[in-house]
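Remarks on the structure that follows.
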Amino acid sequence: MTSPTGGRPRRPGVVGHRAGTVTGTFVGALPVVEPLTAWAQCAALVPLDDVIAMGDALAGRWSKHATARELPIERLAATVRAWGSRRGARRLREAMRWIRPRVWSPRETALRLLLVRAGLPEPECNGEVTTAEGDLHADLVWRDARLAVEYEGDHHRTDRGQWRRDIARAELFADAGWRRVRATDDDLADPSRILRRISRHLTSGALQ
């Protein structure tokens, strides 16, 4: 909660912020700070990977709020610079090292961070793969190795239409000469198997 008077509200479960020169807007009847300001304020309250995921959302396209998506990376960087030495500033600066545009879900962020921190080369986020039926986007792409990795939530199993589209996509990737690795929450919880598999594909792809 932000106070326009300079005082910090004190309530159980509430973190108070001074308004300063912060500008805001309304969501319905509720006054809120702008998305970039909210992101900077949250940096002192949530773990680093959550700050990164929020930054990816602001630079990506999955937020349902138009003012909180597809923002230029430079606007995020400018927010970090303007934040100075306030609470969360160090975490914001660290998060900026990992934030990328073209991220379309928080699970994509988690998967990319897991793979890169394990020492794998950084992938292209939502890169386009040319197939016989046009360009398809893949969550994570290593173009030189012709490898695509995609996170699949439970709706890929429970949604009949999505399941059929996934089968068609797999065939198109294969016909175009691309390997496609599917990742689930199990891989985020225990990444050893998927790390070995992706490493193997990257190595074999580089040798071709």
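Given the condition surrounded by 12 or more Cβ atoms within 10 Å (Cβ to Cβ), modelled with pLDDT of 95 or more and under 25 Å from Asp139 (Cα atoms), answer yes or no: does some residue in region 81-91 qualify?
Looking for residues that are surrounded by 12 or more Cβ atoms within 10 Å (Cβ to Cβ), modelled with pLDDT of 95 or more and under 25 Å from Asp139 (Cα atoms), one finds none in region 81-91, hence no.
Would you say Glu94 is modelled with pLDDT of 80 or more, farther than 30 Å from Ile198 by Cβ and of a type in the set (Asp, Glu)? Lay out the reasoning, then the answer.
Working: modelled with pLDDT of 80 or more: yes; farther than 30 Å from Ile198 by Cβ: no; of a type in the set (Asp, Glu): yes.
No, not satisfied.
For region 28-56, enumerate the residues that are outside any loop (DSSP other than H, G, I, E, B) and either out of contact with any helix residue (DSSP H, G or I) (no Cβ under 7 Å at 6 or more places or on another chain) or farther than 19 Å from Arg97 by Cα (or both).
From region 28-56, those outside any loop (DSSP other than H, G, I, E, B) are 30-33, 35-42, 48-56; that's our starting set.
Residues satisfying the conditions are Leu30, Pro31, Val32, Val33, Pro35, Thr37, Ala38, Gln41, Asp50.
Residue by residue, here is whether (1) open to solvent by 40 Å² or more (accessible area, probe 1.4 Å); (2) among the hydroxyl-bearing types (Ser, Thr, Tyr); (3) touching a Pro at 6+ places or on another chain (Cβ under 9 Å) holds:
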{"position": "Trp163", "(1), (2), (3)": "yes, no, no"}
{"position": "Asp166", "(1), (2), (3)": "no, no, no"}
{"position": "Ala174", "(1), (2), (3)": "yes, no, no"}
{"position": "Ser192", "(1), (2), (3)": "yes, yes, no"}
{"position": "Arg200", "(1), (2), (3)": "yes, no, no"}
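Kindly evaluate Ala95 against the criterion of being of a type in the set (Gly, Ala, Ser), under 30 Å from Ala145 (Cα atoms) and surrounded by 12 or more Cβ atoms within 10 Å (Cβ to Cβ). Quick ask: steps written out before the conclusion?
Details: of a type in the set (Gly, Ala, Ser): yes; under 30 Å from Ala145 (Cα atoms): yes; surrounded by 12 or more Cβ atoms within 10 Å (Cβ to Cβ): yes.
It is true that Ala95 is of a type in the set (Gly, Ala, Ser), under 30 Å from Ala145 (Cα atoms) and surrounded by 12 or more Cβ atoms within 10 Å (Cβ to Cβ).
Scan (1) farther than 13 Å from Phe173 by Cβ; (2) small (Gly, Ala, Ser); (3) not in a helix (DSSP H, G or I) for the single condition Gly161 breaks and write down its number.
Failing condition for Gly161: (3).
Checking the structure you have, find out if any residue of region 174-185 is part of a loop (DSSP other than H, G, I, E, B), under 23 Å from Gly60 (Cα atoms) and not hydrophobic (A, V, I, L, M, F, W, C). Spell out the reasoning first.
First pass over region 174-185, keeping only residues part of a loop (DSSP other than H, G, I, E, B): 176-178, 184.
So of that shortlist, the ones also under 23 Å from Gly60 (Cα atoms) come out as 184.
If we keep only those that are not hydrophobic (A, V, I, L, M, F, W, C) too, we end up with 184.
Yes, region 174-185 contains a residue that is part of a loop (DSSP other than H, G, I, E, B), under 23 Å from Gly60 (Cα atoms) and not hydrophobic (A, V, I, L, M, F, W, C).
Do we have any residue at all in region 197-204 that's of a type in the set (Ser, Thr, Tyr), closer than 30 Å to Thr37 by Cα, in contact (Cβ under 8 Å) with a residue 12 or more places away in the chain and part of a helix (DSSP H, G or I)?
Step one: list which residues in region 197-204 are of a type in the set (Ser, Thr, Tyr), which gives 199, 203-204.
Checking the rest, the ones that are also closer than 30 Å to Thr37 by Cα come to none.
Scanning region 197-204, I find no residue that is of a type in the set (Ser, Thr, Tyr), closer than 30 Å to Thr37 by Cα, in contact (Cβ under 8 Å) with a residue 12 or more places away in the chain and part of a helix (DSSP H, G or I), so the answer is no.
What's the total number of residues in region 63-80 that are surrounded by 14 or more Cβ atoms within 10 Å (Cβ to Cβ) and out of contact with any Lys or Arg (no Cβ under 7 Å at 6 or more places or on another chain)?
6
Tally up the residues in region 5-34 that are modelled with pLDDT of 65 or more, under 26 Å from the mean Cα position of the chain (by Cα), under 21 Å from Gly88 (Cα atoms) and not aliphatic (A, V, I, L, M), please.
So the count comes out to 2.
Does Glu108 meet the test of being open to solvent by 80 Å² or more (accessible area, probe 1.4 Å) and touching an Asp or Glu at 6+ places or on another chain (Cβ under 7 Å)? Even if it seems obvious, please write down each step before you answer.
Details: open to solvent by 80 Å² or more (accessible area, probe 1.4 Å): no; touching an Asp or Glu at 6+ places or on another chain (Cβ under 7 Å): yes.
No, not satisfied.
How about region 44-57: which of its residues are over 9 Å from the mean Cα position of the chain (by Cα) and open to solvent by less than 60 Å² (accessible area, probe 1.4 Å)? Walk me through how you get there before you give the answer.
Of region 44-57, the ones over 9 Å from the mean Cα position of the chain (by Cα) are 44-51.
Correct list: Ala44, Val46, Leu48, Val51.
The values are calculated or read from the model by the stated rules, or taken from the named source; none is laboratory data. Note that the coordinates shown come from a computational prediction; the quantities given were computed from them, not determined experimentally. Heads up, the Cβs are rebuilt from the backbone with ideal geometry, glycines too, and the neighbour counts pull from every protein chain shown. These accessible areas exclude ligands, DNA and RNA; they are computed on the full protein's heavy atoms, side chains included. Shrake-Rupley method; radii C 1.70, N 1.55, O 1.52, S 1.80 Å.
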